[in-house]
1. Report the local net charge at GLU43: Lys and Arg +1, Asp and Glu -1, summed over other residues whose C-beta lies under 15 Å from its C-beta.
2. Which angle from 0 to 90°, rounded to the nearest 10, does the C-alpha axis of helix 2-16 make with the longest principal axis of the chain?
3. How much of the accessible area of the chain, in percent, comes from carbon and sulfur atoms when a 1.4 Å probe is used?
4. May I ask for the angle, rounded to the nearest 10°, between helix 66-95 and the longest principal axis of the chain, with both axes built from Cα atoms and the value confined to 0 to 90°?
5. Send over a whole-number figure in Å² for the accessible area per residue of the range 31-96, probe 1.4 Å.
6. For the chain, what does the helix formula give at 222 nm: sum of -39500 (n - 2.57) over DSSP H segments with n ≥ 4, over the residue count, nearest 500 deg cm²/dmol?
7. Calculate, in nm to one decimal, what SER62 and ALA4 gain on full extension: separation in residues at 0.36 nm each, minus their alpha carbon distance.
8. Among the lysines, which fall within straight-line cross-link reach of LYS61, defined as a Cα-Cα distance under 30 Å, with same-chain neighbours fewer than 8 residues apart omitted?
Amino acid sequence: MHAAYLIQMIDTALNMLGPDIELLTEIMTELGIKHVRYGVKPEMFPIMGDALLHTLEKTLKSDFTESVKEAWIEVYSALSQDMIRAQLQAKKRGKE
């Protein structure tokens, strides 16, 4: 279920790139804060990114070129960084 939600979130995020980038950043920030309540830690994001890349590689096979891989890494890194930043800020505010 979580994998399906992740793919849906990434699809939505990709469709928002461009003119809706500020809204996308706001959504990812809220999602990052929400994930704190689920017990998700910043160090878990690279693991999920690796799993995503592995799944894409197995699914796309020869269509998973180096340029496709690099694009996915860039998108996932940007999205996860927004979430991680929000988590760290929420954690910091909680300790003050």
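1. Within the 15 Å Cβ shell, the charges total +2.
2. Around 90 degrees separate the two axes.
3. Roughly 59 percent, rounded to a whole number.
4. Compared with the principal axis, the helix lies near 10 degrees.
5. On a per-residue basis, 70 Å².
6. So the helix-based figure for the chain works out to -28000 deg cm²/dmol.
7. So the extension gain works out to 18.6 nm.
8. LYS61 reaches LYS69.
The values are calculated or read from the model by the stated rules, or taken from the named source; none is laboratory data. For clarity, every value in this text was computed on a predicted model and none was experimentally measured. A quick note on method: Cβ atoms are made from the backbone with ideal geometry, for glycine too, and the neighbour counts reach across all protein chains shown. The accessibility values were calculated without ligands, DNA or RNA, using every heavy atom of the protein model including side chains. Shrake-Rupley method; radii C 1.70, N 1.55, O 1.52, S 1.80 Å.
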